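Notes follow the structure.
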Amino acid sequence: MTIVGQEAASADVTAGLPADFCWGVATSAYQIEGAVDADGRTQSIWDTFCRVPGAVFNSENGDVACDHYHRMPADVSMIAGLGVDAYRFSVSWPRVQPGGRGPLNRRGADFYSRLVDELLSAGVQPWITLYHWDLPQELEDSGGWPARDTAYRFAEYASLVHSVLGDRVPTWTTLNEPWCSAMLGYHQGVHAPGRRDFGDAMKAVHHLLLGHGLAAQALRSLGVGELGITLNMGCATPFSSSAADIDAARRADGLGTRIYLDPLVHGRYPADVLEDIGVSLPVAEGDLEIISTPLDVLGVNYYSSLTFRGGDDPASPVVVPQSLPVTAMGWEIVPSGLTDLLVRLHNDYGLPMVITENGAAFDDVAGSDGFVADADRVSYIASHIEAVGKACSLGADVRGYFAWSLMDNFEWAYGYAKRFGIVRVDYETQERVLKQSAHWYRDTIHQHRGL
Ligand code: IFM
């Protein structure tokens, strides 16, 4: 078969990457598992949110998703066939600790135990994320992330998961994209639980970070050697050199990046951001020491970068479109922003980094055999891998790259309308077909290994 865009694979897009670079693919529990009522799982905030009229495109939900819960062994074979080193997945909190309190649910936990065993026997390292947005509904009913107690519940849950998987899983990520949990979930209301209160969102920021720190301490005391958190970030560039535009970019960067990384790495919130937000964070004595428990790796999720100008309200930076090509999400394609971001994170925070998500939704067209010639996705991923190599050449310590996503899945408020997979999923039949990008990714990994 002639694969359009194959020329991208022959260029050495991996130049600059270390020889032992880790290649992977990523997913998350609610987006692929389905089986929402199986084996004692209780409802998460996403189950509830999906039932709110108008909240999710087409009123879709994760009830079935990719039915991964029932197809896991075949999915692991498919992952292994891609030649990746690692698979990043998340654990569903309401599956392993129904209701978010109390003992481990052995039947739910067994699913992840079997998944880890399958991965290891296929030669793929498991990379766990403990929280990818599916808070048990009962904890939301008790206040959700704006409530301090949720942070303690999260640390308890982390220890429970460790009791089942700690003997076989080397790398533990606490949270995925706390910005999304706090800002999309509690301020903008476009993600579960759908609240719209800026003060609650700011409380959520602090309690997510506190939950991360408490879980990090617990996991460290249980002997976890490689510990991290994943943040979604991009570059915030001022539109012009005017003071208003520079200030707009500073504010966006403060609320998007520094409000997380400064306490995580430096043990303090940035003073300018505290001033910008105009509400006080619920910081108790000792919280910042807990939050700044040393990390081994920073997970970076990168999709795009934005340019800002100051508007009438200085508190609300305005995004200025740059007339660049966009993905099906409408996100501008800015690979150079990934290089700049990684170099900046290296300079300001000095942590080893792994790209825990990068990829793109495009309007895929499948042939009668289900094959998708997604040259646009190949080009997106190739240009971003190249951008990582450039950052490494400039001194950033980047150790791995996980393509988002292994397969098409439930894209939150967009339902199934947006496809990020390098593998196509036919939601009628649950058939998986490797797209051109999956073939290309496998070949690129081989090439990087000199095979
Ligand atoms: O699908 C999401 C994922 O769950 C978190 N990061 C961004 C992806 C694309 O929107």
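Only the coordinates and a few stated rules stand behind these numbers; no lab work does. Predicted model only: the values in this text are computed from it and were never measured. Positions of Cβ are generated from backbone atoms using ideal geometry, with glycine treated the same way; all protein chains shown enter the neighbour counts.
Assorted remarks:
- For region 131-287, projected area of the alpha-carbon convex hull averaged over all directions, nm²: 10.0 nm²
- Virtual spin-label span in nm between SER393 and ASP272, 7 Å along Cα→Cβ: 3.1 nm
- Take 83-91, 304-312 and order them by the average number of nearby Cβ atoms within 10 Å per residue, most first; the result is 83-91, 304-312.
- Cα centroid separation - region 291-320 against region 387-417, whole Å: 17 Å
- Alpha-carbon centroid distance for the pair region 175-193 / region 424-451, whole angstrom: 31 Å
- Residues CYS235, CYS66, ranked from the fewest to the most other C-beta atoms within 10 Å, line up as CYS235, CYS66.
- Taking a straight Cα-Cα cut-off under 15 Å and skipping sequence neighbours fewer than 8 places away in the same chain, the aspartates and glutamates within cross-link reach of LYS418 are GLU60, ASP363, ASP364, ASP374, ASP376, ASP408, ASP426.
- Positive minus negative residues near LEU306 (Lys, Arg vs Asp, Glu; Cβ under 14 Å): -1
- Here is how the number arises for the chain: DSSP H runs of 4 or more residues each give -39500 (n - 2.57), the sum is divided by the residue count, and the result at 222 nm is -11000 deg cm²/dmol.
- Two-site label geometry, SER159 and GLN430: point separation in nm, points 7 Å out along Cα→Cβ: 3.7 nm
- Computed from backbone phi with θ = phi - 60° and the Karplus coefficients 6.51, -1.76 and 1.60, the 3J(HN,Hα) list for region 104-120 is 5, 8, 4, 5, x, 5, 4, 4, 6, 5, 5, 4, 5, 4, 4, 4, 4 Hz; x is used for glycine and proline.
- Under 20 Å from a label point set 7 Å out along the Cα-to-Cβ vector of ALA243, the amide N atoms of region 298-327 belong to 308-318.
- Applying the Karplus relation 6.51 cos²θ - 1.76 cosθ + 1.60 with θ = phi - 60° to region 434-440 yields 3J(HN,Hα) values of 5, 7, 3, 5, 5, 4, 5 Hz, where x marks Gly and Pro.
- For q = 0.08 Å⁻¹, Debye-computed log10 I/I(0) when each Cα of the chain counts as one equal scatterer: -0.42
- Close amide-amide hydrogen proximity is noted between ASP197 and HIS187, each under 5 Å apart and 5 or more residues distant or on a separate chain (H modeled in the peptide plane; Pro and chain starts excluded).
- For region 1-147, the alpha-carbon coordinates run over 53, 36, 31 Å along the three principal axes, in decreasing order.
- Spacing of the two label points (7 Å from each Cα toward its C-beta) at ASN58 and SER316, in nm: 3.2 nm
- Relative packing of 357-367, 236-246, 206-216, which averages over residues the other C-beta atoms within 10 Å, highest first: 206-216, 357-367, 236-246
- Take the Cβ atoms of LEU222 and ASP37, set R0 to 41 Å, and the FRET efficiency comes out at 0.85.
- Summed side-chain charge close to TYR380 - residues other than TYR380 whose Cβ falls under 12 Å, Lys, Arg +1, Asp, Glu -1: -3
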